[in-house]
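The values are calculated or read from the model by the stated rules, or taken from the named source; none is laboratory data. Predicted, not measured: the structure shown is a model, and the values here were computed from it. Quick reminder, even Gly has a Cβ in these numbers, built from the backbone with ideal geometry, and neighbours come from all protein chains shown.
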Amino acid sequence: MQIQENSFLVTGGASGLGEAVVRGINEQGGNVVIADLNESAGQALVDELGDNVRFIRCDVTSGEEVQAAVSLVEQAFGGLQGSINCAGIAVVQKLLDRDNNPADLDAFSRGVNINLVGSFNVARLVAASIARRVAAAKEAGDTEKNVDQGIIINTASVAAFDGQVGQGSYASSKAGVVGLMLPLARELARHGIRVMTIAPGVFATPMMDSIPEKAREQLEAGVPYPKRLGEPSEFAKLVTHIIDNSYLNGEVIRLDGAIRMV
């Protein structure tokens, strides 16, 4: 699938990895709706990038708000070709604290709800939009076999495989995103929709700004090569390649400089 003149929904697109994806799609002539809770950052990106980009405030756990974002893509650009789900949070807490008090269940659930249930919520509504478009085209006799009709790209994490102490919510929710991929890819194949997952390692995103310099250096030292944090633009390059490469389907790609968290 080419990016130029096609339209995509990017959740969490106002900053970090999502912002880089928005920029990457825009540079290649695609249309983007940014779905994010950060209204000021999202609108600033729209003002900078121009008419091919829109913003809508969106909580990925809300069916109504995600549907509104999908509808905006359809109305603004004439149809939806795919989504890149970058919205997520990192909940850090041990199962037991120093006094052996149990972890907060609401905090655990919040991480799972946003990272995993939110990914499913976006996927179901994006897939429905694409499937309706494909069905209408078939009825009009205007489709070909083995032609890309849509793409859903979810964001997991290396924590899905290498979860560390205190990452119970984060690692399990991201592992769920990985597990979600193949059933969806198999189901949506009949509509010509591909489903892929990227599992990034440690990246230079705003989330890293609060980490002390020494801790950042330790993270960089743990990456075999290149010995640095990943750049959001590198994540975006992989996204645009996945969109372009129609034989990539039902797979998780680690983008991590060969890091294995311990």
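Scanning region 184-243 for residues that are among the hydrophobic types (A, V, I, L, M, F, W, C) and under 17 Å from Ser83 (Cα atoms) yields a count of 15.
Scanning region 5-49 for residues that are modelled with pLDDT of 95 or more and part of a loop (DSSP other than H, G, I, E, B) gives Asn6, Gly12, Gly13, Ala14, Ser15, Gln28, Gly29, Gly30, Leu37, Asn38.
Looking for something at pLDDT 95 or above and surrounded by 15 or more Cβ atoms within 10 Å (Cβ to Cβ) - is there at least one such residue anywhere in region 141-148? Within region 141-148, none of the residues are at pLDDT 95 or above and surrounded by 15 or more Cβ atoms within 10 Å (Cβ to Cβ). Among the criteria (1) under 19 Å from Ser129 (Cβ atoms); (2) part of a loop (DSSP other than H, G, I, E, B), the one Val70 does not fulfil is (2).
From the set of residues in region 159-178 that are of a type in the set (A, V, I, L, M) and assigned to a helix (DSSP H, G or I), which is nearest to Phe108 (Cα to Cα)?
Per the criteria, the residue is Ala171.
Tell me yes or no: at least one residue of region 217-233 is more than 19 Å from Gly18 (Cα to Cα) and crowded, with 22+ Cβ neighbours inside 10 Å. The answer is no, given that none of the residues of region 217-233 is more than 19 Å from Gly18 (Cα to Cα) and crowded, with 22+ Cβ neighbours inside 10 Å. Quick check on my filter: what residues within region 134-158 are among the aliphatic types (A, V, I, L, M) and not in a loop (DSSP other than H, G, I, E, B)? Correct list: Val134, Ala135, Ala136, Ala137, Ile151, Ile152, Ile153.
Summed over region 190-203, the residues that are free of Cβ contacts under 8 Å to residues at least 60 places away in the same chain and surrounded by fewer than 19 Cβ atoms within 10 Å (Cβ to Cβ) give a count of 1. Scanning region 32-52 for residues that are within 17 Å of Gln81 (Cβ to Cβ) and surrounded by fewer than 24 Cβ atoms within 10 Å (Cβ to Cβ) returns a single hit, Asn52.
Of everything in region 67-100, what is modelled with pLDDT of 95 or more, under 24 Å from Met207 (Cα atoms) and among the hydrophobic types (A, V, I, L, M, F, W, C)? Give them in sequence order. Selection gives Ile84, Cys86, Ala87, Leu95.
For region 169-189, enumerate the residues that are within 29 Å of Leu96 (Cα to Cα), of a type outside the set (Val, Ile, Thr) and surrounded by 20 or more Cβ atoms within 10 Å (Cβ to Cβ). Reasoning before the result, please.
Of all residues in region 169-189, those within 29 Å of Leu96 (Cα to Cα) come to 169-180.
Then drop every residue that is not of a type outside the set (Val, Ile, Thr), which leaves 169-176, 179-180.
Residues satisfying the conditions are Ser169, Tyr170, Ala171, Ser173, Lys174.
Among the residues making up region 72-104, those that are surrounded by 15 or more Cβ atoms within 10 Å (Cβ to Cβ), over 16 Å from Gly30 (Cβ atoms) and more than 19 Å from the chain's Cα centre (by Cα) are Gln93, Ala103. Among Met261, Met181, Met208, Met196, which is among the aliphatic types (A, V, I, L, M), assigned to a strand (DSSP E or B) and closer than 22 Å to Phe161 by Cβ? Going through Met261, Met181, Met208, Met196 in turn, just one is among the aliphatic types (A, V, I, L, M), assigned to a strand (DSSP E or B) and closer than 22 Å to Phe161 by Cβ: Met196. Of the residues examined, Gly250 is one that is in a loop (DSSP other than H, G, I, E, B), at pLDDT 95 or above, surrounded by fewer than 18 Cβ atoms within 10 Å (Cβ to Cβ) and under 16 Å from the mean Cα position of the chain (by Cα).
Got at least one residue in region 105-120 being modelled with pLDDT under 95 and surrounded by 14 or more Cβ atoms within 10 Å (Cβ to Cβ)?
So far as region 105-120 goes, no, none of its residues is modelled with pLDDT under 95 and surrounded by 14 or more Cβ atoms within 10 Å (Cβ to Cβ).
What number of residues in region 6-22 are under 18 Å from Ala76 (Cα atoms) and surrounded by fewer than 24 Cβ atoms within 10 Å (Cβ to Cβ)? Talk me through it step by step, then tell me what you get.
Within region 6-22, the subset under 18 Å from Ala76 (Cα atoms) is 6-11, 13, 22.
From what is left, the residues that are surrounded by fewer than 24 Cβ atoms within 10 Å (Cβ to Cβ) are 6-7.
The total comes to 2.
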